[in-house]
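Note sheet for the following structure.
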Amino acid sequence: MSTPTRYVAPVHFEDFSGEAFERLVFAYHLRAEWWQDLEWYGQVGSDSGRDIWGSRNNDFGHNETVCIQCVNRTRLTKTKAQSDVRKIIRAPHGTPTILRFVCRSDISADLRDAIKEFASKNSISRLDVWSGQEFEERLRMCAESLLQRFCDGVVFPEASRDLGQFVHDLAPTDDHEIIGRLSLIFDRPSFTTPFHSESSVGDFRQAISDTIEALNTGIRRLRDGTVFAKIHCRHDLHDEAAKRALADVVEKLNRLRMAYDDLERRGEIENCSSGSHLHIKPHACQRMDALRAEILNQMRYVYPQFTVTLKNMY
């Protein structure tokens, strides 16, 4: 007997109230990204254009602030977006490092460019604009359990603290969601930046060690070593083939770390006299870039939706 075709219907965000849409966006960010602090201002009114505001450390150890605007309307206009930007930069938190619009509607390329240009003129370093389809894809990639609960009519808690606990306690729906969350660990400069741009011996080695620990144990750490999140790890998977594939990723990460130590011992990677940058020989760059590309390709084999790539390869 043939297996029936499964059809996944699109999410009708237009059926959500403004508060319900904000609650789902907030829950997604709690689930899919790692924060020092994340607050939902929309629930208490007087948001000054800041629906959700978060702070976190980036891969260079610098604090960055993120403002997330939830746009539950038929379409986002340039006038609306520019008005929101003006409100945000005048709000008590000041200008965020990253501004993200999460919309229920489609977004044209011209509108994205116009909003990005306006945000840049107002000293916002990075702008993300997610259409409803893009938001749904992200939900299905690493927060399917949230989407299923929400669309099945499970009432999410109203208070941000209670919602945070709800998201923390919610088990993944399947191996796909576990691997999706683990794949986010690689979206960091240590895996996306060409090695000739690396500036710190200790930081790169620590990033590799932290990635290995996260895959093996589910523990995510800040750069100072503080544990700030616990997710499922590769040992929680049910599919044996997926387990073996991720074990191969860990083995490749170990080889990357050992190769780095070997290149440092041989003087092909060394700090300059002032300690402000590294002297790296071309052979070392090529070897480290090749090893990292191999790791990312293995992750893509495990998880076809994986999009992290090493930029500007030779």
(message) What distance in nm lies between label points placed 7 Å from Cα along the C-beta direction at R205 and E117?
(response) 4.8 nm
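Counting only heavy atoms of the protein chains, get the accessible area per residue of the chain (1.4 Å probe) and round it to a whole Å² value.
Working: 15780 Å² over 314 residues.
Using a 1.4 Å probe on heavy atoms only, each residue of the chain averages 50 Å².
If you stretched the chain out fully between A241 and R255, how much longer would it get, using 0.36 nm times the residue separation minus the C-alpha to C-alpha distance?
2.9 nm
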(message) List the aspartates and glutamates whose Cα sits under 17 Å from the Cα of K243, skipping any in the same chain fewer than 8 residues away.
(response) D174, D175, E177, E213, E251
(request) Sorted from largest down, give the three principal axis spans of the alpha carbons of segment 105-223, whole angstrom values. (result) 50, 43, 26
(request) For segment 71-133, divide the Cα radius of gyration by the Kirkwood radius and give the resulting Rg/Rh value with two decimals. (result) 0.94
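From the C-alpha coordinates alone, can you work out the Kirkwood hydrodynamic radius of segment 107-156, in Å? Provide the component values of the computation, followed by the final result.
Details: mean 1/r = 0.0773 Å⁻¹.
Computed over segment 107-156, the radius equals 12.9 Å.
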(message) Could you tell me the calculated FRET efficiency between A20 and H168, based on Cβ-Cβ distance and R0 = 22 angstrom, to the nearest 0.05?
(response) 0.60
(request) Find how many whole Å separate the alpha carbon centroid of segment 244-269 from the alpha carbon centroid of segment 145-211. (result) 23 Å
(request) With a 10 Å radius around each residue's Cβ, average the other Cβ atoms per peptide and rank 21-28, 144-151, highest first. (result) 21-28, 144-151
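Kirkwood Rh and Cα-based Rg: tell me the resulting Rg over Rh for the chain, rounded to two decimals. Show your work: numbers first, answer last.
Numbers: Rg = 21.0 Å, Rh = 21.3 Å.
Using Cα coordinates only, the ratio equals 0.99.
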(request) Just round it to a whole percent: the fraction of Cα-Cα distances in segment 165-209 exceeding 14 Å. (result) 63 percent
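The values are calculated or read from the model by the stated rules, or taken from the named source; none is laboratory data. What you are looking at is a predicted structure, and each value in this text was computed from that prediction instead of being measured. So basically every Cβ, Gly included, is an ideal-geometry build from the backbone, and we count neighbours across all protein chains shown. Please note that ligands, DNA and RNA were not included when accessible areas were found on the heavy atoms of the full protein model with its side chains. Shrake-Rupley method; radii C 1.70, N 1.55, O 1.52, S 1.80 Å.
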